[in-house]
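Take a look at the structure below.
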Amino acid sequence: MLTLDGVTLAQGDFRLTADLRIPPGLTAVIGPSGGGKSTLLAAVAGFLTPRAGRIRWDGDDITVRQPGDRPVTMLFQDNNLFPHLTIAQNVGLALAPRLRLTVAQQEQVAVALAAVGLEGMGDRKPRALSGGQQGRAALARALLADRPVVLLDEAFAALGPSLRHEMLTLVRDRLVGQGRTVIVVTHDPQDARDFADQVVLVADGVAHPPRDTAVIFEDPPQALRDYLGG
Amino acid sequence: MRGLPAWLATTLVLLLTLGTLAAVALRAEVGHGLSAGDWAAIRFTLGQAAVSALVSVALAVPVARALARRRFRGRGVLVMLLGAPFILPVIVAVLGLLAVFGRGGLLNAGLEAAGLAPVSIYGAGGVVLAHVFFNLPLAVRLILQGWVQIPAERFQLAAQLNASVWRLLEAPMLARALPGATLVIFLICLTSFAVALTLGGGPRATTVELAIWQAVRFDFDLGRAALLSCIQFALCATAAAVAWRVTPVDGFGGGLDRVVARWDQSLWDWLWLAAVTVFLALPLAMVIWRGVPGLGDLGPGIWAAAGRSVAVAAGSTALSLLLGLALALRGGFVTSIVGVLPLAASALVMGTGLFLLLFPFANPATLALPVTLCVNAVMALPFVLRVLAPAVKDIRANYGRLAETLGLRSVDLLRIVIMPRLRRPLGFAAGLTAALSIGDLGVIALFATDAQETLPLAMYRLMGAYRMDAAAGAALLLLALALGAFWVCDRGGRMHVDA
């Protein structure tokens, strides 16, 4: 269980408070742009130290831990792959940050690539892959990483609707299927409806505790109504 | 531990710039005062730098405007040619200018045929001519940058309003760009040594740098050299501090290939473009033309000197890249100051300081090459840092967070992410440093005897002995080495790079 305990985040004049617990499964973070969705993820990943409050994972206080030492892996909006490394090397970084992979680890990389439909593409460089395939490669790395929390910061925003659905299906089947805590920032409420178990609404400087997807869309609170419009 | 490389680099740079200055200052005999000759050198240094800068910038404005509004075949080549003087060995350019403007040169041949009196390239006029040759292209690139930064829509707007492009767009842009460009060139010309050595000299055309060299080399008057060194540093530091404040532009920038559609063009554009092309290309063509027959004349001494030049250049390139990398990775205000400090220092001051420091312990001649290597590395550092620092910043911005979540740190981060992504800027920076170092005729002239002479120094001695055929051959070899070194390094950085 990921817990944000009375957390206050500050960036310049911007303030965001979060007091919530996120259970395993797929959690969508939605809300108006500039509302602090990415800020929330940055704090969980360790790029932003909270002004107040603690962040815990299963009781461990990780508030001030280095990003690389957290139980967290993250997919960004872009630049998820190093262009000068092969796909296999990019994925292999999840297992061996020094890139000296044992034969067994290389085998694991191949299995992960196959799991996302990139079988035999390990020797290619990222630019030889389509945008969707690059997203899959980044997913394969998250799959291999021994990190129970996976953050996706609009990672598939640049893809078209059908490719994005394909990716989110993969995320559901593979990552959530392993029992991980997956947190997805999205600007498309439909994605949240279709894929999320629960929804965190970030608006007006507050990250609200997650609510069941069906429930929150059935009877949206005012802030969500304003965001959805109509 | 994390800051150790940057700390070492900072120490070395401070030692070579301020440390050598201190060593020099301690020897300075202020009571001795400045002689009339010293005052003349100061006046000439400031005067020629001011005239060179103003002439370069004044001529650069119409050329840059023509490049900004004309699209033609060979435009890219011309813009590239404008970048060439930066890596061109000074002494090679001087030989080329002599072939055009010198006593037996093309210009005087023409004047003689027309029954007119010949002109002499030696003296103040020649010094300014050579400085304009080197800095007119730089000025064009700096000013062109200002032009291409004006958005295309503004020109469309001006054309629609039938307004004066000059008053509305160009004059305000120039008002911002010209002071910086002028100051940068003024600063470069302040530190001129090789041009003054070859074309100047005598009581009426001696720069402070040249006077330092004469004081050490001929008079062995270290007190006077020290005093002059302090003056030189003060002049450069003042100019650099002013230039630093007013210079937002930088001449390495890309994007100069943009041509904006315009509705005001003048036929004068072609005249300016033709004139600048001839002015830049003719001396180089003459170096090649006269150099080819001279290549057969090159004795074993020249080849040995060429070998020493290449070895020194390789060493100073490696050192300069190490220093630049250490400082670029550290970042921050202090390292950026350390990085530009060598612009205020002069090679001759550094050389004199090291001479004073090393003189009690070792024969300076035996240390001539290592000292030259270090001085060249530090002198090139501002340029290396200007290339590397923004590249490192970009990598951090694009891949820093990814690397952090993956737990990539220190050596792994450097090996897996930063170095592979820095290959292109590293290659370019290496090319600049190698070319500058191979062509350098500065501190080596303070120390070296025949046994340590580098190719530029050997070439200078051939010119001094009026062995012009052999000098022309050496010039061609030096030109090939400098351009070749740049090409190899730059190319090495580009090969097999995944964008």
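Coordinate-derived values only; no laboratory data. Because the structure is a prediction, the values reported are computed rather than measured. Because the Cβ atoms are built from the backbone with ideal geometry, glycine has one as well, and the counts that use them run over all protein chains shown.
Testing the spin-label approximation: label points 7 Å from Cα along Cα→Cβ at residue B:465 and residue B:166. State their distance in nm.
Those two pseudo-labels are separated by 5.5 nm.
From the square roots a ≥ b ≥ c of the eigenvalues of the alpha-carbon gyration tensor of the range B:1-76, which class results: rounded (a/c under 1.5), prolate (a/b over b/c), or oblate?
On the way: a/c = 6.21, a/b = 1.37, b/c = 4.52.
Since a/c reaches 1.5 but b/c is at least a/b, the shape of the range B:1-76 is classed as oblate.
Lys/Arg Cβ at +1, Asp/Glu Cβ at -1, dipole of the range B:34-295 taken about the Cα centre: which of B:99, B:155, B:231 is farthest positive-ward?
Projecting each Cα onto the dipole axis, the largest value belongs to B:155.
Hey, can you grab everything whose amide H is under 5 Å from the amide H of residue A:184? Only 5+ residues off in sequence or another chain; H modelled, so Pro and N-termini drop out.
Residues meeting the criterion, in which the H sits 1.01 Å from N, are A:27, A:28, A:29, A:152.
Between residue B:157 and residue B:274, take the C-beta separation as r, use R0 = 30 Å, and let me know the FRET efficiency to the nearest 0.05.
Working: r = 32 Å, r/R0 = 1.05.
E(calc), rounded to 0.05, equals 0.40.
Work out, step by step, the length gained on full extension between residue A:104 and residue A:128: first 0.36 nm times the residue separation, then minus their alpha carbon distance; give nm to one decimal.
Values: separation 24, 0.36 × 24 = 8.64 nm, distance 2.61 nm.
Using 0.36 nm per residue and subtracting the Cα-Cα distance, I get 6.0 nm.
Would you compute, from DSSP H runs of 4+ residues alone, the mean residue ellipticity of chain B at 222 nm, taking -39500 (n - 2.57) per run and dividing by the full residue count, rounded to the nearest 500? Spell out each step's value before the answer.
Numbers: 21 runs with 352 residues, N = 499.
Mean residue ellipticity, 222 nm, calculated: -23500 deg cm²/dmol.
Which is farthest toward the positive dipole end of the protein assembly as shown among B:309, A:82, A:63, measuring Cα position about the Cα centre, with Cβ charges +1 (Lys, Arg) and -1 (Asp, Glu)?
B:309
Where does each of A:125, A:37, B:393 land when they are ranked from fewest to most other beta-carbon atoms within 10 angstrom?
On the way: A:125 17, A:37 27, B:393 13.
Ranked by crowding around the Cβ, least crowded first: B:393, A:125, A:37.
Could you calculate the FRET efficiency of residue A:10 with residue B:311 from 1/(1 + (r/R0)^6), where r is the beta carbon distance between them and R0 is 60 Å, rounded to 0.05?
Once the sixth-power term is evaluated, E becomes 0.60.
How big is the dipole moment of chain B about its Cα centre under a simple scheme where the beta carbon of each Lys and Arg is +1, that of each Asp and Glu is -1, and everything else is neutral? Debye, nearest 20, please. The partial results should precede the final answer.
Details: 36 positive and 22 negative charges, 272 e Å.
Roughly 1300 debye for chain B.
Name the shape class, rounded, prolate or oblate, that the alpha-carbon gyration tensor gives for the range B:1-138, where a ≥ b ≥ c are the square roots of its eigenvalues, rounded holds for a/c under 1.5, and otherwise prolate holds if a/b is larger than b/c and oblate otherwise. Mind showing how you got there, number by number?
Numbers: a/c = 2.61, a/b = 1.36, b/c = 1.92.
Cα axes put the range B:1-138 in the oblate bin.
Ranking A:187, B:131, A:208 by Cβ neighbours within 10 Å, fewest first, what do you get? Before the final figure, lay out each step's value.
On the way: A:187 13, B:131 24, A:208 19.
With the fewest neighbours first, A:187, B:131, A:208 line up as A:187, A:208, B:131.
How do B:282, A:16 line up, fewest other C-beta atoms within 10 Å first? Please report the intermediate quantities before stating the final value.
Working: B:282 18, A:16 23.
By the 10 Å Cβ count, ascending, the order reads B:282, A:16.
Using unit Cβ charges (K, R positive; D, E negative) and no other charged atoms, how large, in debye to the nearest 20, is the dipole of the protein assembly as shown about its Cα centre? Could you put the intermediate results ahead of the total?
On the way: 59 positive and 47 negative charges, 172 e Å.
Result for the protein assembly as shown is approximately 820 debye, rounded to the nearest 20.
Provide the FRET efficiency to the nearest 0.05 for the residue B:333-residue B:54 pair, computing r from the beta carbons and using R0 = 25 Å. Working shown, then result.
Working: r = 33 Å, r/R0 = 1.31.
FRET efficiency, residue B:333 to residue B:54: 0.15.
Restricting to Cα pairs below 8 Å that are 6+ residues apart, what does the relative contact order work out to for chain B? Please round to a whole percent.
Across chain B, relative contact order equals 25 percent.
Compute the orientation-averaged projected area for the protein assembly as shown from the convex hull of its Cα atoms and round it to one decimal in nm². Could you put the intermediate results ahead of the total?
Values: hull surface 161.0 nm².
The number I arrive at for the protein assembly as shown is 40.3 nm².
List every DSSP H helix in chain B whose Cα atoms extend 27 Å or more along the helix's own long axis and whose mean Kyte-Doolittle hydropathy is at least 0.5. Provide the component values of the computation, followed by the final result.
Numbers: long enough: B:36-69 (50 Å, 1.09); B:124-148 (34 Å, 1.48); B:171-190 (28 Å, 1.89); B:222-246 (36 Å, 1.40); B:268-294 (39 Å, 1.33); B:300-330 (45 Å, 1.27); B:368-405 (49 Å, 0.87); B:468-494 (38 Å, 1.11).
Once both thresholds are applied, what remains is B:36-69, B:124-148, B:171-190, B:222-246, B:268-294, B:300-330, B:368-405, B:468-494.
Counting only DSSP beta bridges with both residues in the protein assembly as shown, what percent are antiparallel, rounded to the nearest 5?
50 percent
HN-Hα J couplings of the range A:153-165 from phi, Karplus 6.51/-1.76/1.60, θ = phi - 60°, integer Hz, Gly and Pro as x?
Taking θ as phi minus 60°, the curve returns 9, 6, 4, 10, 4, 7, 8, x, x, 6, 5, 5, 4 Hz for the range A:153-165.
Could you list, bin by bin from short to long, the percent of Cα-Cα pairs of the range B:51-210 in 10 Å steps?
Pair shares across the bins are 10, 32, 30, 18, 8, 1.
What full-extension length gain, to one decimal in nm, is calculated for residue B:245 and residue B:175 as 0.36 nm per residue of separation minus the Cα-Cα distance? Intermediate results must be reported in sequence, preceding the final value.
On the way: separation 70, 0.36 × 70 = 25.20 nm, distance 1.51 nm.
That pair, residue B:245 and residue B:175, stretches by 23.7 nm at full extension.
For the pair residue B:112 and residue B:7, how long in nm is the line joining their label points, each one 7 Å along Cα→Cβ?
So the label points at residue B:112 and residue B:7 sit 6.6 nm apart.
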